[in-house]
Amino acid sequence: MKVLVVGSLPPPERARAEALRVEVAGLLAEGHTVEVVAPDPIATAHRYLSARGVPGCIQLAAMVSGFDLVVVQLQAGLPVRVRAGRFERTVSLYVFSFAMRRARHVVLRLESAEDLPGGPGGRAAFSVWRGAERIVIGGEDERAEFLAAVGKRAESLAVSSTPLEEPGADDGGWGEGPEVSVENVLELVRRRAARERRALASSDVAHSPGWDRLAAPGIAMTEADVALLGPDAQRKPTDLARRVLAAADRRPALRPFVRGVRLARRGVYSVLRPARAD
């Protein structure tokens, strides 16, 4: 089966991105052909939406034909922009609903109500939900919140929940202040990698066709990354720029600026260095 997955896989590491990665891994394990389209320009994907909100929904309407199944992870910007007013939200949802009606089969995923500006309730939102064969919510609490927002009409919908497993004890972050060091970061990466190798070794997913096309969670550093962190590494202006962008991306208020910079950089690379842009 040919499957179109719409949503942002890591990076960055967020609950909805992790949930979508699990979904994609399951589809690949079943032997399906999967193509990923992301609205986030820094996410792992085959293709990217060039716009969000209504223009992005129009793009999707042209993409979904030819796929047996379309899986969409809803998030801010897909289908509704973060700062959309009531009218724009309504238009976005109806256009998205039209786009999904062009698909053969549709599965919608909503990790939390916060990922859909304005919430899951309302007439326009219900036009989206009723077009899906299956709706997957992030957890039981989120599912109860969803059903309460949709009301009695939710009885006609197929709604389930798939909560993520709790992270390990060492997944709380990289440390803060004086606890941060190259040694601590590398040791944490090694522990995570060892744990995931053990999990993969005991799982059928590890041996399924197409698994190698997914980025393994936790394998966050390469030899080149380690060289950059070393005390004898030569600092380059591009290294500093990447660190500044990474720091800015951790602040929600600066993320739109960071996305703009990365999109502009990608456009420059596509002209000057086509091979790298690909």
Of all residues in the stretch 96-122 being in a helix (DSSP H, G or I) and touching a Leu at 6+ places or on another chain (Cβ under 9 Å), which is nearest to residue 40 (Cα to Cα)? 115
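Mind checking which residues of the stretch 57-73 are touching a residue at least 60 places away in the same chain (Cβ under 8 Å), outside any strand (DSSP E or B) and buried (at least 18 other Cβ atoms within 10 Å of the Cβ)? Explain how you work it out, then say what you get.
First pass over the stretch 57-73, keeping only residues touching a residue at least 60 places away in the same chain (Cβ under 8 Å): 64, 66-73.
Subset that is outside any strand (DSSP E or B): 64, 66-68.
Matches in the stretch 57-73: 64, 67.
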Of everything in the stretch 124-152 that's more than 24 Å from residue 23 (Cα to Cα) and without any contact (Cβ under 8 Å) to a residue 24 or more places away in the chain, which residue is surrounded by the most Cβ atoms within 10 Å (Cβ to Cβ)? 148
Please go through the stretch 12-52 and give me each residue that is touching a strand residue (DSSP E or B) at 6+ places or on another chain (Cβ under 7 Å) and either assigned to a loop (DSSP other than H, G, I, E, B) or among the basic types (Lys, Arg) (or both), ordered by number. 16, 21, 32, 39, 41, 43, 45, 46, 47, 49, 52
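Table: residues versus (1) touching a Lys or Arg at 6+ places or on another chain (Cβ under 6 Å); (2) assigned by TED's automatic domain parsing to the domain that holds residue 253; (3) in contact (Cβ under 8 Å) with a residue 40 or more places away in the chain; (4) surrounded by fewer than 19 Cβ atoms within 10 Å (Cβ to Cβ).
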{"residue": "7", "(1), (2), (3), (4)": "no, no, yes, no"}
{"residue": "23", "(1), (2), (3), (4)": "no, no, yes, no"}
{"residue": "37", "(1), (2), (3), (4)": "yes, no, no, no"}
{"residue": "44", "(1), (2), (3), (4)": "no, no, yes, yes"}
{"residue": "55", "(1), (2), (3), (4)": "no, no, no, yes"}
{"residue": "77", "(1), (2), (3), (4)": "yes, no, no, no"}
{"residue": "83", "(1), (2), (3), (4)": "no, no, no, yes"}
{"residue": "114", "(1), (2), (3), (4)": "no, no, no, yes"}
Does the stretch 5-27 contain at least one residue that is farther than 17 Å from residue 252 by Cβ, at pLDDT 95 or above and among the small types (Gly, Ala, Ser)? yes
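The values are calculated or read from the model by the stated rules, or taken from the named source; none is laboratory data. Every value quoted in this text rests on a predicted model; they were computed, and no experiment measured them. Quick reminder, even Gly has a Cβ in these numbers, built from the backbone with ideal geometry, and neighbours come from all protein chains shown.
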